[in-house]
Amino acid sequence: MLAQVNDISLAFNDQGTGLPLVFLHAFPLNRTMWSEQEKGLSAQFRVITIDLRGHGESDAPLWHYSLDQAADDVRSLLDHLAIRDAIVVGLSMGGYIAFAFYRKYVERIRALVLADTRAQADTEDGRRARFDMAQLAYRQGSGAIADVMLPKLLSSTTIQTRPELVQQVRTMIEGNQVSGIAGDLMAMAARPDSTPLLERIRCPTQIIVGELDVPTPPVDARLMSEKIPNARLAVIPKAGHLSNLEQPELFNETIRSFGLTLTT
Ligand code: MLT
């Protein structure tokens, strides 16, 4: 489905009924990364997955991107769907957007799921690497970005033993336009440190991390779980950064049991 929000066309899926779960994907993927969550959770929840601005079937305008703007797009989509509040599930970049959403629209959040993400801002070296990656995307296209990103996103066992999953992630990355890739990189490089926000988070929060996650390792997840009051932490065995794709059943079960605590 498509919605017109904030001068762009935003693609999304909306399946099931019940407490809404809004899924925000990682960089540089799209809403199809959540297909196992749609299948596994839409019998009990209303599952909404979004192609963030710059990704998949949503528009990827050549202009300035920011995580606040992504949060505005999510808010506008909730308005469009007449959803008052939702469990916001963000994985990696989706988690950075969830922090931005919390800062701007706390009243629209019923609960948070922060998966394979971190609260800290980029380091100087990290920002420089974003610049280099944007130049790579500009010169060589999204295939070169897939080559760099795949070993970061998936565990080495998955890369060696699950060629169909590797291809699925590659297809998502290659489907992006360079404007969206560069836009995200600028938006992530400019994001603030969310560590001071953590102890002010007042909604129920579930943190999830793949035990083999390298870009946002378990130590980052533990920092969030220690600072956010009453946060729950689940470490998913045999999963890397894309824990929802590498261990969908365990990921879904964690969200299901967390979500059910909110409905009772
Ligand atoms: C992601 O998976 O969204 C990215 O690895 C996040 C990042 O580059 O910081």
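Every number in this text was worked out from the coordinates using simple rules, so none of it is lab data. Keep in mind it's a predicted model, so treat the numbers as computed, not measured. So basically every Cβ, Gly included, is an ideal-geometry build from the backbone, and we count neighbours across all protein chains shown.
So the values come out like this:
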read-out	value
Relative intensity, log₁₀ I(q)/I(0), of region 1-141 from a Debye sum that treats every alpha carbon as a point, q = 0.15, 0.16, 0.22 Å⁻¹	-0.73, -0.83, -1.50
Residues whose placed amide H lies under 5 Å from that of residue 236, excluding near-sequence neighbours	209, 210, 211
Cα gyration tensor shape of region 125-221, rounded if a/c is under 1.5, else prolate or oblate by comparing a/b with b/c	oblate
Extended-chain gain in nm, criterion 0.36 nm per residue less alpha-carbon gap, residue 230 and residue 150	25.4 nm
Backbone N under 11 Å from the residue 253 label point (7 Å along Cα→Cβ), restricted to region 226-246	237
Computed P(r) (all Cα pairs; region 2-261; 5 Å bins; percent)	1, 6, 14, 20, 21, 19, 12, 5, 1, 0
Shape category assigned to region 171-264 from the gyration tensor of Cα positions, a/c cut at 1.5	oblate
Hz values of 3J(HN,Hα) by residue in region 57-65 - Karplus curve (6.51, -1.76, 1.60), Gly and Pro given as x	8, 7, 5, 10, x, 8, 6, 6, 10
Most mobile listed residue (29, 91, 81) in the chain, GNM with C-alpha springs under 10 Å	81
Sparsely packed trypsin sites (Lys or Arg not before Pro) within region 46-152, loop by DSSP, other Cβ within 10 Å at most 13	84
Estimated distance in nm for a label pair at residue 17 and residue 202, the labels positioned 7 Å out from Cα along Cα-to-Cβ	3.2
Region 2-261: relative contact order in percent, alpha carbon pairs under 8 Å with at least 6 residues between	21
